[in-house]
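> Pasting a structure below so you can have a look.
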Amino acid sequence: MVRLARPHQWIKNALVLAALVFGQRLFVFPDVVRAVIAFVAFCALASAGYVLNDIADRDADRLNPEKCDRPLARGDLTVAAATRGAMILAAIAIVLSIVLGPAFLGIAVLYAVLQFGYSLWAKHQVIIDVIAVAVGFVLRAFAGGVAINVEVSPWLIFITFVLALFLVLARRRHELIALGDDAIAHRSALSQYSVRLVDQMISIVAGATLVSYMIYTASAEVEAKLGTRHLYLTVPFVAFGILRYLYLIDERNEGGDPARALMHDRPLMAAVAFWILTDIVLLYF
């Protein structure tokens, strides 16, 4: 059940904490508590979605050399046991969401509906599949702001959206290369993609991510809101992170799992760590 919940993927839910940092509430204890509760709620909610996705994909996963060892694909768990686990995780998420208020609960329910729709329909539709995943990341960012009653900047939403598109497209590229002729059997939408097309899409969204972050850090509006005009000093870390990830997906074909790539690639991990530390110093000291 632990493997089915994919705890290594919970790092994606750190987006819930973005509003806490950029809303300059990092040292406000009640807000920290609420943000942590929101993080745990989305971890439970995301894991419930992973279980649902694995139930729907168990036959296709057996054909995937990287997913064939998942518990349901291997037959280590029954569908009934996995369903019970998903229901428990969903119940935990609902209880925590109720604690955080009706607005947060509404976003959590919307995220759950999105996950359900993705598992059963959207992931089989070309382009819609990557947009659906990216919207899930946006909902995480929104939820973090709602949890601590901080207005979520349009910049945060836009940058989150294009960055998520970048990561999802990298995963599609990895699937096309790793599965080869079996890609269609694993996911029907892959029949509509080619490596060349995905590479073009990646180039667009990678450039959009970097340029939008540059504009964000130099914006007079952001300077007035955050009280610092030196946020542009974090741009080199973001540029390195994007370029490093492009290197990983092109030269090492490691775009299949962004969470694992982050945890296993030291230069990428260092770039993210220095970016976070620099942001905290500039925003709080």
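> Let me spell it out: the conditions are (1) out of contact with any helix residue (DSSP H, G or I) (no Cβ under 6 Å at 6 or more places or on another chain); (2) surrounded by 19 or more Cβ atoms within 10 Å (Cβ to Cβ), and Thr83 meets all of them except one. Which number is the exception?
Against the list (1) out of contact with any helix residue (DSSP H, G or I) (no Cβ under 6 Å at 6 or more places or on another chain); (2) surrounded by 19 or more Cβ atoms within 10 Å (Cβ to Cβ), Thr83 comes up short only on (2).
> Continuing with the same structure: Can you name the condition, by its number, that Val2 falls short on among (1) in contact (Cβ under 8 Å) with a residue 12 or more places away in the chain; (2) β-branched (Val, Ile, Thr); (3) farther than 29 Å from Thr217 by Cα?
Exception for Val2: condition (1).
> Here are Val135, Val150: which of them is surrounded by fewer than 21 Cβ atoms within 10 Å (Cβ to Cβ) and outside any helix (DSSP H, G or I)? Quick ask: steps written out before the conclusion?
Values: Val135 fails: outside any helix (DSSP H, G or I).
It is Val150.
> Among what's in segment 1-20 and is charged (D, E, K, R) and assigned to a helix (DSSP H, G or I), pick the residue that is farthest from the chain's Cα centre (by Cα).
Taking segment 1-20 and keeping what is charged (D, E, K, R), we get 3, 6, 12.
The next check asks that each one be assigned to a helix (DSSP H, G or I); those that pass are 3, 12.
Values: Arg3: 18, Lys12: 4 Å.
Looking at the filtered set, the residue picked out is Arg3.
> Here are the criteria: (1) in the same structural domain as Asn253 (by TED's automatic domain parsing); (2) under 30 Å from Asp279 (Cα atoms); (3) of a type outside the set (A, V, I, L, M, F, W, C); (4) surrounded by 16 or more Cβ atoms within 10 Å (Cβ to Cβ). Tell me which single one Gly144 does not satisfy.
Single failed check for Gly144: (1).
> Right, here's the next one. Val211: surrounded by 19 or more Cβ atoms within 10 Å (Cβ to Cβ), under 23 Å from the mean Cα position of the chain (by Cα) and in the same structural domain as Leu277 (by TED's automatic domain parsing), yes or no?
Working: surrounded by 19 or more Cβ atoms within 10 Å (Cβ to Cβ): no; under 23 Å from the mean Cα position of the chain (by Cα): yes; in the same structural domain as Leu277 (by TED's automatic domain parsing): yes.
No, not satisfied.
> Just name the residue that is farthest from Leu163 (Cα to Cα) out of those in segment 249-269 that are among the charged types (D, E, K, R) and not in a helix (DSSP H, G or I). Don't jump to the end; show me each part of the working.
Our first condition is that a residue be among the charged types (D, E, K, R); within segment 249-269, this holds for 250-252, 254, 257, 260, 265-266.
Filter once more, so that each one left must be not in a helix (DSSP H, G or I): 252, 254, 257, 265.
Values: Arg252: 20, Glu254: 17, Asp257: 14, Asp265: 18 Å.
The extreme case among them is Arg252.
> Which of the helices (runs of 4 or more DSSP H) found entirely inside segment 159-243 contain at least 3 residues meeting this: of a type in the set (Gly, Ala, Ser) and at pLDDT 85 or above? Break it down into steps so the answer makes sense when it comes.
Working: elements: 183-186, 195-218, 220-226.
In segment 159-243, 195-218 are the helices (runs of 4 or more DSSP H) which contain 3 or more residues that are of a type in the set (Gly, Ala, Ser) and at pLDDT 85 or above.
> Still on this structure, I have one more. When you go through (1) more than 30 Å from Pro30 (Cβ to Cβ); (2) surrounded by fewer than 16 Cβ atoms within 10 Å (Cβ to Cβ); (3) of a type outside the set (Val, Ile, Thr) one by one for Ala91, which number turns out not to apply?
(1)
> Oh, and also: What is the number of the single condition among (1) modelled with pLDDT under 90; (2) closer than 25 Å to Glu251 by Cα that Leu156 does not meet?
Here Leu156 clears every test but (2).
> Pick from segment 244-285 the residues that are basic (Lys, Arg) and closer than 26 Å to Val130 by Cβ: which of them is surrounded by the most Cβ atoms within 10 Å (Cβ to Cβ)?
Quick first cut of segment 244-285, residues basic (Lys, Arg) only: 244, 252, 260, 266.
Next, only the ones that are closer than 26 Å to Val130 by Cβ stay: 244, 252, 260.
Numbers: Arg244: 18, Arg252: 10, Arg260: 13.
Ranking the qualifying residues of segment 244-285, first place goes to Arg244.
> Could you tell me whether any residue of segment 68-75 is among the hydrophobic types (A, V, I, L, M, F, W, C), over 21 Å from Ala108 (Cβ atoms) and without any contact (Cβ under 8 Å) to a residue 12 or more places away in the chain?
yes
The values are calculated or read from the model by the stated rules, or taken from the named source; none is laboratory data. Keep in mind it's a predicted model, so treat the numbers as computed, not measured. Neighbour counts run over all protein chains shown; Cβ positions are idealised from the backbone, glycine included.
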